[in-house]
1. Just order 34-42, 55-63, 72-80 by mean Cβ neighbour count inside 10 Å, highest at the front, would you?
2. Could you go through segment 78-86 in sequence order and give the Karplus-derived ³J(HN,Hα) for each residue, using 6.51 cos²θ - 1.76 cosθ + 1.60 with θ = phi - 60°, rounded to whole Hz, and x for Gly and Pro?
3. To check my understanding: the extent here is largest minus smallest coordinate of the Cα atoms along each principal axis. What are those three numbers for segment 52-113, in Å, largest first?
4. List the equivalent ellipsoid semi-axes of segment 9-83 in whole Å, largest first, each obtained as the square root of 5λ for an eigenvalue λ of the Cα gyration tensor.
5. Taking just the alpha-carbon atoms of segment 34-74, what radius of gyration and Dmax come out, in angstrom?
6. Using modelled amide H (1.01 Å from N, peptide plane; none on Pro or chain starts), what sits under 5 Å from the amide H of VAL61, excluding residues fewer than 5 places away?
Amino acid sequence: MDCAAAHVPAGGSPAGAVQLGEDATGPLLRFTGRVDKEVVRSFRRGVAPASWPARIDLTAVTALDPAGLELLLHLARKQARTGATLQVIGLAGSLRPALERAGLGRLLPRPGA
């Protein structure tokens with residue numbers, strides 16, 4: 001399972017991506033680079049909400065604009081509707097303050113956990 005959504009700027013290298021994939025534990029979404037409106041739009045066109053897994057990896061994110069934050073909120077709400085919780089399995093340390101301000105602090109892995 002590997003569906004990628006990437007925004008390619010004029011310079012030619014991907015600015016960011018949201019990829020549907022798997023690891024040893026099961027399906028997950030991997031966010032990489034700068035996740036902006038174009039990356040989110042491409043992801044949402046390519047991956048139906050029914051396919052959104054309950055786990056995300058934000059380790060390789062360099063920036064998350066408001067559209068990226070909104071996608072995280074949608075992912076969390078989708079899980080909440082089924083009684084589950086969105087699980088963040090990796091987090092770029094620089095994202096923690098922005099995610100806490102957006103009300104997503106409860107999803108974040110705790111230091112040392």
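Rule-based calculations on the coordinates, nothing more; no lab input. The shown structure was predicted, so the numbers you read here are calculated from the model rather than taken from an experiment. Neighbour counts run over all protein chains shown; Cβ positions are idealised from the backbone, glycine included.
1. Numbers: 34-42: 20.1, 55-63: 18.6, 72-80: 16.6.
Listed from highest to lowest mean packing, they are 34-42, 55-63, 72-80.
2. With the stated coefficients, segment 78-86 comes to 4, 5, 4, 4, 9, x, 9, 10, 5 Hz.
3. Here the Cα extents, ordered largest to smallest, are 30, 28, 19 Å.
4. On the way: eigenvalues 88, 39, 25 Å².
Here the semi-axes work out to 21, 14, 11 Å.
5. That works out to 10.0, 27 Å for Rg and Dmax.
6. Distant-sequence amide H within range of VAL61: GLY33, ALA92.
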